[in-house]
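Asker: Starting off with a structure, shown below.
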Amino acid sequence: MRALLQRVRRASVEIDGEVTGSIDAGLLVFLGLEPSDTVPAGEKLLERVLNYRVFSDDQGRMNRSLRDVSGGLLLISQFTLAADTTRGLRPGFSTAMPPAEAEPLFRQLYAYLDAVHAPVAGGRFGADMQVSLINDGPVSFLLNT
């Protein structure tokens with residue numbers, strides 16, 4: 001499982017011209033699922049995301065977490081994060097979890113986030129989404145299970 005975190009001033013996701021989720025300051029998280037991923041591993045990674053210190057303290061150091069600043073979290077499924085890019089000029093997707101397995105896992109992880117943090121917003125699994133963001137910093141991190 002891979003989570004690409006981007007610290008944002010605001011972010012939104014649009015599907016078919018309709019905004020389905022938006023946040024103000026917080027984290028935009030793209031989540032890529034792999035075949036061996038599980039709910040417990042995902043919850044552990046999401047707890048890490050919620051507590052990862054990427055927001056500035058009074059001295060300008062990254063010392064505060066999303067929970068510390070009560071920021072929003074926009075969660076987007078992104079199977080391309082699980083792509084095999086080790087060779088050639090085209091990514092391979094045999095390393096990504098099949099959609100029939102990934103969708104229920106993604107829904108469970110979204111529900112977990114929604115239960116333990118607010119505000120949480122998201123897109124729609126498998127949809128063609130347009131994601132808009134103002135990256136704050138820019139600050140981006142890739143976390144793996």
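Every number here is computed from the coordinates shown, using simple stated rules; none is lab data. None of these values were measured; they are calculated from a predicted model. Using ideal geometry, Cβ is built from the backbone for each residue, glycine included, and neighbour counts are taken over all protein chains shown.
Asker: Taking the Cβ of MET62 as the center, what net charge do the other residues with Cβ under 10 Å away carry, scoring Lys and Arg +1 and Asp and Glu -1?
Answerer: Summing Lys/Arg as +1 and Asp/Glu as -1 gives +3.
Asker: Mind checking which of ALA121, GLN59, ALA111 is farthest towards the positive end of the chain's charge dipole, using Cβ charges of +1 (Lys, Arg) and -1 (Asp, Glu) about the Cα centre?
Answerer: Of ALA121, GLN59, ALA111, it is GLN59.
Asker: Can you tally the net charge around LEU133? Count Lys and Arg as +1, Asp and Glu as -1, for every other residue whose Cβ sits under 15 Å from the Cβ of LEU133.
Answerer: Values: positive: ARG7, ARG9, ARG10; negative: GLU14, ASP24, ASP136.
The answer is 0.
Asker: For the stretch 1-69 and the stretch 108-131, what is the separation of their Cα centres, given in Å?
Answerer: Going from one Cα centre to the other spans 10 Å.
Asker: Also, quick follow-up: Over all directions, what mean area does the Cα convex hull of the chain project, stated in square nanometres? Working shown, then result.
Answerer: On the way: hull surface 35.9 nm².
About 9.0 nm², averaged over all directions.
Asker: Test of understanding: what is the full-extension gain from ASN144 to GLU43, defined as 0.36 nm times their sequence separation minus their Cα-Cα distance?
Answerer: Values: separation 101, 0.36 × 101 = 36.36 nm, distance 1.24 nm.
Length gained between ASN144 and GLU43: 35.1 nm.
Asker: What ³J(HN,Hα) values, in whole Hz, does the Karplus curve 6.51 cos²θ - 1.76 cosθ + 1.60 give for the stretch 94-107 when θ = phi - 60°, with x put for Gly and Pro?
Answerer: Each residue of the stretch 94-107 in turn: 5, 8, 8, 5, x, x, 4, 8, 6, 4, x, 5, 4, 4 Hz.
Asker: If R0 is 35 Å, what FRET efficiency do you get for THR80 and ASP58 from their C-beta distance, rounded to 0.05?
Answerer: On the way: r = 38 Å, r/R0 = 1.08.
Once the sixth-power term is evaluated, E becomes 0.40.
Asker: What value, in deg cm²/dmol to 500, does the helix sum -39500 (n - 2.57) over DSSP H runs of n ≥ 4 give at 222 nm once divided by the residues of the chain? Show your work: numbers first, answer last.
Answerer: Numbers: 3 runs with 35 residues, N = 145.
Helices in the chain give a 222 nm mean residue ellipticity of -7500 deg cm²/dmol.
Asker: Between TYR112 and LEU89, how high is the FRET efficiency from 1/(1 + (r/R0)^6) when r is the Cβ-Cβ distance and R₀ = 35 Å? Nearest 0.05. Mind showing how you got there, number by number?
Answerer: Values: r = 37 Å, r/R0 = 1.07.
Step by step, r from the Cβ atoms, then E = 0.40.
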